[in-house]
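In what follows, a single structure is set out as structure tokens and then discussed.
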Amino acid sequence: MHRPFNDLRNRVVLRGYCLKCMACVASCPFEALGEEEETPTLKQACMNCGICYGVCPQVIDTKELEGQIFGRRSSDDESLGIYRQALSVEARDADIKARAQDGGAVTAILESLLEGGFIDGAIVMGIGSLPWQPSPRVAKTREELIACAGTKYAMGPIFLGLKDAVDLHYCSRIAIVGTPCQIAASRRMQLSELTNRRLGETIKLHIGLFCMHAFEYEKFFRGVIEKQTRTPLSEVVKFDIKRGRFIIYRKQKPRRELACEAVEQYAGFPCTVCSDFVAELADISIGAEGSPLDRSTVLLRTPLGVEAFDITMRFRKLNVTELKDVKPGAVAIERASRDKKLKAAKQLELLQRQGKSLPVWKWERKATVGTLSQSSEGS
């Protein structure tokens, strides 16, 4: 069944579950959709092709995607999803380590893959016209990668960058770097029956970032950091989360810290029902949890992810240790992952008890189960 944009608007956007990733806008082959105030909007007549609905990750259970990618679904005991190898790494390059987050693994891997010709472009999140406003970038050089290094902790229209990579830069082998929900959208662009294959078929590699939640720019960065803490975003050089603290690094000034528990309320609403901490659908998942300070944890999930990492090793960009040989190790990641899954389950239960809107995949599955149950009772 082809669902037009109006269905996507009613079922996802108006219910508050839009990720603002703009996969739908980028994928529309008729360019009928646009972005307005960080929201996908119909600019001209919808042709009812169903592609926008087909690429949205918020309308299906991501376990369906997991089965397509790995040939099976992870068990309840596999709290980190399906993976082949767990490592702790740090970039050898001092410039990368100085600018990048934690161990600089993402930047070092992408630099190697560009040098080796494995990819011809990477979609990363840079900064837009306003300070720390997330804006997608097409990185094709070391300098462009380093300029965009560092986590933005904000929801952003990453797939507008993919469209630019194909339409303006003529890239055909692209690495997507994104949060778990953005990786799910990218997988939908590859695997959905209704999709814009001109874009989806250019995606070569998925690098997923560990993510507990992301923040809305206006509500958190402008409303909390600038107004409540009186910290101009223009003087911020880096954000980080370490040991339960949200850290704000400033130019030639003392850093400021906020308790993570205090800032959770400003996370985007879709984040409250997301159960994926470690980007379980990626080829390679990367984050700080589990590794010592200034190192990154790397989970190699697919044969393609292993191949990409092997290229990085040939270029000698990383110092690598097995995750089992460092502390706190996998147990810390598993704890964080289980915690996020539990919070998401509780939030879904709360929304259901309160009679509030549930994600599409949740209420559609409930309706299907209810129909099957009634059918069984009738027979």
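Below is a table of values for the structure above.
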item: Residue within the range 319-326 that is at pLDDT 95 or above, among the β-branched types (V, I, T) and either part of a helix (DSSP H, G or I) or outside the structural domain of Y153 (by TED's automatic domain parsing) (or both) present; result: no
item: Residue pairs meeting the criteria (Cβ under 6 Å; at least 6 apart or on separate chains; first at positive phi and in contact (Cβ under 8 Å) with a residue 40 or more places away in the chain, in the range 71-83; second assigned to a loop (DSSP other than H, G, I, E, B) and crowded, with 18+ Cβ neighbours inside 10 Å); result: G81/E280
item: Flag for T62 being surrounded by fewer than 18 Cβ atoms within 10 Å (Cβ to Cβ) and touching a Leu at 6+ places or on another chain (Cβ under 8 Å); result: no
item: R142 being surrounded by fewer than 19 Cβ atoms within 10 Å (Cβ to Cβ), in contact (Cβ under 8 Å) with a residue 12 or more places away in the chain and among the basic types (K, R); result: yes
item: Residue within the range 27-42 that is within 18 Å of E193 (Cβ to Cβ) and either assigned to a helix (DSSP H, G or I) or in contact with a Ser or Thr (Cβ under 9 Å, 6 or more places away or on another chain) (or both) present; result: yes
item: Elements of type strands (runs of 3 or more DSSP E) contained in the range 180-297, each with 1 or more residues being in contact with a strand residue (DSSP E or B) (Cβ under 6 Å, 6 or more places away or on another chain) and modelled with pLDDT under 95; result: 236-242, 245-250, 253-259
item: Test set (1) free of Cβ contacts under 8 Å to residues at least 40 places away in the same chain; (2) part of a loop (DSSP other than H, G, I, E, B); (3) surrounded by 21 or more Cβ atoms within 10 Å (Cβ to Cβ) - G156 fails condition number; result: (1)
item: Pairs with Cβ under 9 Å, 6+ apart, first in the range 302-318 and assigned by TED's automatic domain parsing to the domain that holds Y83 and surrounded by 15 or more Cβ atoms within 10 Å (Cβ to Cβ), second modelled with pLDDT under 95 and in a helix (DSSP H, G or I); result: K317/I96
item: Selection count where residues are assigned by TED's automatic domain parsing to the domain that holds K242, of a type in the set (V, I, T) and farther than 20 Å from G16 by Cβ, scope the range 207-231; result: 3
item: Long-range neighbours under 6 Å by Cβ, at least six apart or interchain, first residue assigned by TED's automatic domain parsing to the domain that holds E289 within the range 336-355, second hydrophobic (A, V, I, L, M, F, W, C) and part of a helix (DSSP H, G or I); result: A344/V273; Q347/V273; L348/V273
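The values are calculated or read from the model by the stated rules, or taken from the named source; none is laboratory data. Remember, it's a predicted structure, so these values are computed and weren't measured experimentally. Ideal geometry is used to build each Cβ from the backbone, glycine not excepted, and the neighbour counts take in all protein chains shown.
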